[in-house]
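These notes are about the structure you will find just below.
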Amino acid sequence: MASTLTAEQHKLRGNEFFKVKDLDQAIHEYSTAIVKDPKVAVYYQNRANCYLKLEKYTNVVSDCERVVELDKKSVKGYYFMGKAHLELGQPSEAYSQLKKSYELALEQRSAFTKDIVAIIAEAKKQRWIEQERRRIAQVSDTYRYLSGLIEQDIQRQVDAIDKNSSDYQEYLTDLRVEKEERLKQLEAITQRAKIPDDHVRSYIERKGSNNNKTNGVISPEATPEPAKAMDMDQEPYKKPILAPVAPREVPDYLLDKITFEIMHDPVTSIKSGISYERSTLLEHFSYGRMFDPVAQVPLTERDVIPNRALREACEDFLSKNGWAVDY
């Protein structure tokens with residue numbers, strides 16, 4: 001029997017179920033509201049929030065795409081979608097959506113801003129890690145090969161999961177966590193590994209080509225003759241062993257809370273203690289937004305002071321890590 005309640009009444013019922021954490025019933029009510037009126041963004045937004053708490057991230061993305069299609073200024077629509085992309089292991093997409101949510105929150109002076117700042121910093125960090133892995137793969141054949149094996153193994157496990165299973169999303173989350181842990185372990189091993197220099201490599205190749213070998217692998221008996229053994233005190237062998245390039249990361253406290261880029265001229269609010277890049281904060285004020293972007297308290301140019309210690313820390317970091325300019 002068709003419900004006699006209006007779409008809005010079903011939404012309100014859904015809100016009540018959400019308050020008592022009966023998410024499945026809340027989803028049912030929001031879904032009914034959508035059937036009755038499919039052009040109201042908040043119905044999809046509320047259902048997406050339920051899916052987010054249930055860790056059904058693909059459903060979150062689907063609903064939020066509809067939200068921002070119906071309401072291009074939906075702070076929560078972009079925010080929920082960004083969080084879901086981050087959980088799905090898609091930091092670049094997450095950062096883009098969260099940045100949009102943050103810009104809209106500033107325009108609307110939303111109390112949601114502080115929540116967005118916390119998650120957008122994590123999205124940028126994960127995006128940088130993703131870029132770093134690609135960079136390391138470009139300079140390390142071993143890393144590229146082994147990380148590829150990990151990716152293939154995880155994908156095989158994903159393909160083997162029954163997509164109709166009630167635990168499908170939970171399995172996906174567990175596999176994403178497992179993949180992340182395995183890649184981190186691989187990175188740690190890669191950083192500790194040592195790559196022989198050309199002198200050592202040529203020695204190994206010579207020994208591999210002598211008569212005491214088995215299928216190209218040096219046998220235990222293939223020891224160098226005493227007269228020809230390498231003297232590691234000789235200058236050619238004092239070259240430092242080369243290690244793979246380590247992952248790079250910028251500490252959060254060096255980043256501006258508006259652009260999330262490393263600061264060059266930081267200023268600090270005397271009201272909240274939060275630091276910003278001077279130019280981006282002045283641009284924020286130029287739009288008539290006379291408030292602290294994160295703390296959401298009244299703020300003017302007279303309420304900020306130069307932070308020389310932080311500026312020196314930024315300059316010191318950049319002097320030792322030139323790549324951070326592009327972070």
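Quick notes
- Candidate set from region 11-30 (those that are over 23 Å from Val61 (Cβ atoms) and in a helix (DSSP H, G or I)); member that is nearest to the chain's Cα centre (by Cα): Lys19
- Checking Ala118 against (1) of a type outside the set (Phe, Trp, Tyr); (2) open to solvent by less than 50 Å² (accessible area, probe 1.4 Å); (3) free of Cβ contacts under 8 Å to residues at least 12 places away in the same chain, the condition it does not meet: (2)
- Across region 13-30, the number of residues qualifying as over 18 Å from Val67 (Cα atoms) and open to solvent by 30 Å² or more (accessible area, probe 1.4 Å) comes to 10.
- Residue ID - most open to solvent (accessible area, probe 1.4 Å), chosen from residues in region 84-115 that are part of a helix (DSSP H, G or I) and hydroxyl-bearing (Ser, Thr, Tyr): Ser96
- Failed criterion for Ser165 (all others in (1) modelled with pLDDT of 75 or more; (2) part of a helix (DSSP H, G or I); (3) not β-branched (Val, Ile, Thr) hold): (2)
- Test: residue in region 141-153 that is assigned to a helix (DSSP H, G or I), touching a Gly at 6+ places or on another chain (Cβ under 9 Å) and either closer than 30 Å to Met290 by Cβ or touching a residue at least 12 places away in the same chain (Cβ under 8 Å) (or both): no
- Close Cβ contacts (under 8 Å, 6 or more residues apart or on different chains) running from residues in region 79-103 that are of a type in the set (Asp, Glu) to residues that are open to solvent by 40 Å² or more (accessible area, probe 1.4 Å) and at pLDDT below 95 comprise Glu87/Glu55; Glu87/Arg176.
- Entry remark, region 31-64: residues being closer than 24 Å to Leu175 by Cβ, open to solvent by 40 Å² or more (accessible area, probe 1.4 Å), in a helix (DSSP H, G or I) and not polar (S, T, N, Q) number 1 in total.
The values are calculated or read from the model by the stated rules, or taken from the named source; none is laboratory data. Predicted model only: the values in this text are computed from it and were never measured. With ideal geometry, Cβ positions are generated from the backbone for all residues, glycine too; neighbour counts draw on all protein chains shown. Calculation scope for accessible area: heavy atoms of the full protein, side chains included, ligands and nucleic acids excluded. Shrake-Rupley method; radii C 1.70, N 1.55, O 1.52, S 1.80 Å.
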